[in-house]
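Notes to accompany the following structure.
The values are calculated or read from the model by the stated rules, or taken from the named source; none is laboratory data. On a predicted model such as this, the values are computed, not experimentally measured, just so you know. Quick reminder, even Gly has a Cβ in these numbers, built from the backbone with ideal geometry, and neighbours come from all protein chains shown. With ligands, DNA and RNA removed, areas are computed over all heavy atoms of the protein, side chains included. Shrake-Rupley method; radii C 1.70, N 1.55, O 1.52, S 1.80 Å.
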Amino acid sequence: MAASNDLAHWRGQIFTRLLQVVLLLGIVTAIPSALLAAREAIWSIVAIDLLAIAWIAALWHWRAASYQWRVGQFLAIAFIVGVGLLLKIGPISQIYMMVIPVLAALLLGMQPALWGLALTSLTIFALGLHPDVALQLRGVPDSPVLRALIIALNYLFIAAVLTLSCAFLLRHLEHALASLQASALSLEHSGVALSALNAELRLTATAVARLNDMVMIAEVAEHPPGTHAAPATRIIFVNDAFERSSGYARADVLGRSLLFQQGPDTDAGELARIAAAMAGAQAVRAELLNYHRTGTAYWVEAELVPFTDDTGRQTHWVAVEREIGERKKSEADIHRLAFYDVLTGLPNRRLLMDRIAHLLAAAPRDPSISALMFIDLDHFKHINDARGHATGDALLRMAAERLAQLMRKADTVARLGGDEFVVLLTHLTDDADSAARTAAQVAEKIRSAIARDFDIGAQSYHCSASIGVTLLPKAGQQAHDLLREADIAMYRAKAEGRNGIAFFEAAMQAGVERRLTLERALARALDDGELCMHVQPQVDRHGRVTGAELLMRWPQADGTQVSPHVFIPIAEESGLIVRLGHWALHEACRAATRLAQAGQPIALSVNVSPAQFRQPDFAARVQAALAQHGTPATALILELTEGLLIDQRDASLARMRELAAMGIRFSIDDFGTGYSSLAYLTSMPLYELKIDKRFIDDTPRDARDTAIVQAILAMARHLGLRVVAEGVETVEQANFLIAHDCDGLQGYLYAHPMPLDALIAWLAQHQA
């Protein structure tokens, strides 16, 4: 449609110029012709010329009229002029008639031209038959029809050639213009698209250049076909983020390899994986340690994507990298918290167990023997409580450093918590005896290293270590089994006096299992009321009963009994001692009430464990037990240990005073076996001291024990404290104690421990 409009515009321009030319030429030629015709009195020619000039002038002036109408009028003028000239001048004027189809073809197109050709040909034929038109043809019979037909046909031939030539030329011109217009339109659209594409490319380039992620584009160098190596790359573009993060300027990296930033600590396995992917033209993602221009390492997450051309040949690689230093730091922090001790930086239990498990898993393929050591710092709690946690933490860190310095790289030093450390010595030797000797040597080095004084602040602290050792692997054992064995051996080292080394033996395991069985049985016995209290009376120098001590008994179904020396330590280690102590307190109140009801109101002594005494609600529990059984507070004497009074002196003193205000009296059990100063005797509300049986056993035969007993009795008299001697079994012992004014005597010489009912009967008989 656009091409047709252009041709119409072109025809309009031609018609306008044609009118101007015809008008100008008409004025130049028609006026002289009209003057000549007027001189010859040919007024029809004059009229035709003037009418034609006027008509053409009018057409040139009426530009607002439609193009087809104006062209039609112009052709009508030419037709009238042509007919007039044919009639007046003769056949020579038929050249005017030829203008009509030619101009019609030029100005209107093929179909109007054919109509014009037909019209003019018929007109010439018709005029050829007119008698006034002299048509003379030499050699042609004198026949008007024949002459007219010959002239008309010759005219038609020449006119048709000119007309059709113009028409076909214009048609081809129209097609050419249409094609040209289409090409121009296509070019215009392509130009718009190209501009848009260029704008998009500029936008993309700007966006890529300003991305926070690092972008590198590298072209692939030609390499021989069929090779499987990673293609060589040459960087052709890096964005601003790359320059900021890497420290390299764009000019410094153009032409270099895509992986030029790797260094000595970059994972070689990851680089090999990337090379394999690039060799196969496969996209790959990896985490790499890159190096800054200054040599500083930083972590990136890199994604490399290949690009190929239409033939499938690799042409470029695009690498997009983003810094992940913060993420790596967070991952390292999480890993450190999960697998390492916060205080010392050593591996924790989880990592230790994992390494032992890996060692056991490799045992079928590796015959070498390893060793596991459980290390516990002796009396660390005293330092921690006396000097505070800051000093304790500093000592633990220093101990960890000493342990780590003694170990090989293949070994593991771990901290389980508190003052417990574990050392895993791997691949010592293939021989069990040699491995045991090597482990013993290392354990001795550890013991010696820990035994050196620790300088913290301006003070030195001494600490020793008890070390348990077990060898591995052992058939069917897991990591926790081995750790338990080393732990059992460590407790054997503690039981043997601390600051020593003990190897695990099967007998130890049997002992531990027996203790575990007893612990469970003790809990059931406590729940089922299988425990009971026996009472052992205390007498004065005259043999009068002044009090009694309640002693726990655990009878068995077969008639035997579990010794208190066995189940009391188990209760203390398992935490059952608190429940056991509260039960004993209620039994003491119940027994005191029954004795009073039986007319034998004597004071009863009952042992209180440190764990029980330190309970925040202990005083309230004592008061509740007294109220529940209707027992006066003066009927109870609570026996405490020296260690309790030293470990938490202030808190213990406050609790003792609170209980003393109720009327409760206190006795120090096993006096003389503790580790403390005797200053507490004057600051605490004590009632009596009990001399331990081990001092009485050899008195008065052993001079040292005798001197200790005499000193205790003398000191107690000066402090106004009552003294009871335990374990009196011979008359000689009793006489010595009575001679030295001992207030109370307790032992088999006077009575064995007995049930409460038996005691009531014994008292009645003894006093009769």
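At-a-glance table
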read-out	value
Test: residue in segment 158-173 that is at pLDDT below 75, polar (S, T, N, Q) and touching a Gly at 6+ places or on another chain (Cβ under 9 Å)	yes
Pair list, Cβ < 8 Å and 6+ apart or interchain, from segment 494-505 residues that are at positive phi to residues that are open to solvent by 60 Å² or more (accessible area, probe 1.4 Å)	498/379
Odd one out for residue 481 among (1) under 21 Å from residue 355 (Cα atoms); (2) touching a residue at least 12 places away in the same chain (Cβ under 8 Å); (3) open to solvent by less than 60 Å² (accessible area, probe 1.4 Å); (4) under 41 Å from the mean Cα position of the chain (by Cα)	(2)
Flag for residue 287 being in contact (Cβ under 8 Å) with a residue 12 or more places away in the chain, acidic (Asp, Glu) and open to solvent by 40 Å² or more (accessible area, probe 1.4 Å)	yes
Residue satisfying condition, being on the phi < 0 side of the Ramachandran plot, open to solvent by less than 60 Å² (accessible area, probe 1.4 Å) and not hydroxyl-bearing (Ser, Thr, Tyr), within set 749, 759	759
Which numbered condition residue 516 misses (of (1) assigned to a helix (DSSP H, G or I); (2) in contact (Cβ under 8 Å) with a residue 24 or more places away in the chain; (3) of a type in the set (A, V, I, L, M))	(2)
Inter-residue pairs, beta-carbon under 8 Å, first farther than 16 Å from residue 28 by Cβ and open to solvent by less than 80 Å² (accessible area, probe 1.4 Å) and in segment 43-69, second hydroxyl-bearing (Ser, Thr, Tyr) and part of a helix (DSSP H, G or I), 6+ apart	45/33
Segment 247-284 - residue that is assigned to a helix (DSSP H, G or I) and of a type outside the set (A, V, I, L, M, F, W, C) and, of those, surrounded by the fewest Cβ atoms within 10 Å (Cβ to Cβ)	269
Matching strands (runs of 3 or more DSSP E) fully within segment 688-761 where at least 2 residues are among the β-branched types (Val, Ile, Thr)	722-726
Scope segment 547-589; condition open to solvent by 10 Å² or more (accessible area, probe 1.4 Å) and in contact (Cβ under 8 Å) with a residue 60 or more places away in the chain; matching residues	551, 553
Residues (surrounded by 22 or more Cβ atoms within 10 Å (Cβ to Cβ) and on the phi > 0 side of the Ramachandran plot) located in segment 531-546	none
Pairs, first within 17 Å of residue 471 (Cβ to Cβ) in segment 352-378, second among the β-branched types (Val, Ile, Thr) and open to solvent by 30 Å² or more (accessible area, probe 1.4 Å), C-beta under 7 Å, six or more apart	368/429; 369/429
Residues of segment 609-628 satisfying the condition of being open to solvent by 10 Å² or more (accessible area, probe 1.4 Å), under 20 Å from residue 660 (Cβ atoms) and either in contact with a helix residue (DSSP H, G or I) (Cβ under 7 Å, 6 or more places away or on another chain) or in a helix (DSSP H, G or I) (or both)	609, 610, 615, 620, 621, 623, 624, 626, 627
The one condition in (1) modelled with pLDDT of 95 or more; (2) out of contact with any helix residue (DSSP H, G or I) (no Cβ under 8 Å at 6 or more places or on another chain) that residue 745 fails to fulfil	(2)
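Let's see how each residue does on (1) within 26 Å of residue 383 (Cα to Cα); (2) out of contact with any Leu (no Cβ under 8 Å at 6 or more places or on another chain); (3) not charged (D, E, K, R):
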| position | (1), (2), (3) |
| --- | --- |
| 473 | no, no, yes |
| 505 | no, yes, no |
| 529 | no, yes, yes |
| 534 | no, no, yes |
